[in-house]
Amino acid sequence: MNFVLTRYVLKAAGRDKLFLSMFLAVALAIALSIFTSSAAVTGKAQFSLVYIGGALRLLAIAGLSLFVIFFVRRSFEARDVEYLLTRPVSRISFIVSHMIAFSLLALAVAAMVAFSVLLYAYRVDQINMGTFLWLAGIAGELFIMVNVSFFFAMVLTSPVSGTLATLGFYVLSRLMGQLLSIVGAGFAQFPGAEIMASVLKIISMFIPRFDLMAQTSWLLYGVQNALENYGFIVAQGLLFTGMVMVATIIDFVKKQF
């Protein structure tokens, strides 16, 4: 690990006004969520909380993923990566330092989301154990997604293709539970359905289950077995991030400059 590289990435986030942009986006999302939920006949506070949670989740993931992808591709195009590798920095240290920096950014944005959700939940008297578990799940999602974005940015040479691959990965992770339910219930009736079902089950072993990490129902109804859910979030975050780190290192070590 190289602390200079980590600090370099964090300074780049400051230069790109990442946190200012996220703060303005969060404020706008909260205002729009409250305005939209005002149309509800009953349960306006609950609707607002759900809308705020969903909007902030998508904004945080989109903002961080786009920053990571375009920062990495800009570094390659400006030959910053080649220059850094001429210094006493190993390729493994380069990857680890960047992943640590991006993870710190994810935790910072997660803290911003947590403050906003907790503040509104306290205002409408809707704080429970599920609120904190949901926030932990969001932090886990951001932690995984920034490192997945880094992987796609390193592997794919186009920022557009990297963005689309990251988006596809996130959508698949969110829908994996529903897809497995369809396969398990035998609703998929078409030629080759059994083969597709087998492939889907194999893919599910290497895809994080975001549908289980931060369930919106936790914000309203709380949660049972909170400790078990916390363990699942931490284990999945660390395990999948480790897999992404190994894959990124293998790809980067084989690259020729």
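The values are calculated or read from the model by the stated rules, or taken from the named source; none is laboratory data. Since the model is a prediction, treat every value here as computed from it, not as a measurement. Here the Cβ positions follow ideal geometry from the backbone for every residue, glycine too, while neighbour counts run over all protein chains shown. With ligands, DNA and RNA removed, areas are computed over all heavy atoms of the protein, side chains included. Shrake-Rupley method; radii C 1.70, N 1.55, O 1.52, S 1.80 Å.
At a glance:
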quantity: 1.4 Å probe accessible area per residue over the chain, in Å²; calculated: 52
quantity: In degrees, nearest ten, helix 159-185 long axis to first principal axis of the chain (Cα); calculated: 40
quantity: Reachable aspartates and glutamates, given that their alpha-carbon falls under 17 Å from the alpha-carbon of Lys44 and they are not under 8 places away in the same chain; calculated: Asp125
quantity: From the coordinates shown, semi-axes √(5λ) of the Cα gyration tensor in Å corresponds to which of [x] 29, 23, 17; [y] 32, 20, 16; [z] 32, 25, 16; calculated: [z]
quantity: q = 0.12, 0.14, 0.28 Å⁻¹, region 67-142: log10 I(q)/I(0) [Debye, one scatterer per Cα]; calculated: -0.51, -0.61, -1.25
quantity: C-alpha long axis of helix 3-15 to longest principal axis of the chain, angle in °; calculated: 60
quantity: Carbon + sulfur, % of accessible area of region 77-193 - ligands and nucleic acids excluded, 1.4 Å; calculated: 69
quantity: Farthest positive-ward along the chain dipole, Cα basis, beta-carbon charges - from Gly168, Leu133, Ala78; calculated: Ala78
quantity: In Hz, Karplus ³J(HN,Hα) per residue of region 141-150 (6.51, -1.76, 1.60; θ = phi - 60°; x = Gly, Pro); calculated: 4, 5, 4, 6, 5, 5, 6, 5, 4, 4
quantity: Helix-only mean residue ellipticity at 222 nm for the chain, each DSSP H run of n ≥ 4 adding -39500 (n - 2.57), per residue, nearest 500; calculated: -28000 deg cm²/dmol
quantity: Residue-by-residue Karplus 3J(HN,Hα) for region 114-131, coefficients 6.51, -1.76, 1.60, Hz, glycine and proline x; calculated: 4, 4, 5, 5, 5, 4, 6, 4, 5, 5, 9, 6, 10, 7, 8, 4, x, 4
quantity: Cβ charges +1 (Lys, Arg) and -1 (Asp, Glu), total dipole of the chain, debye; calculated: 600
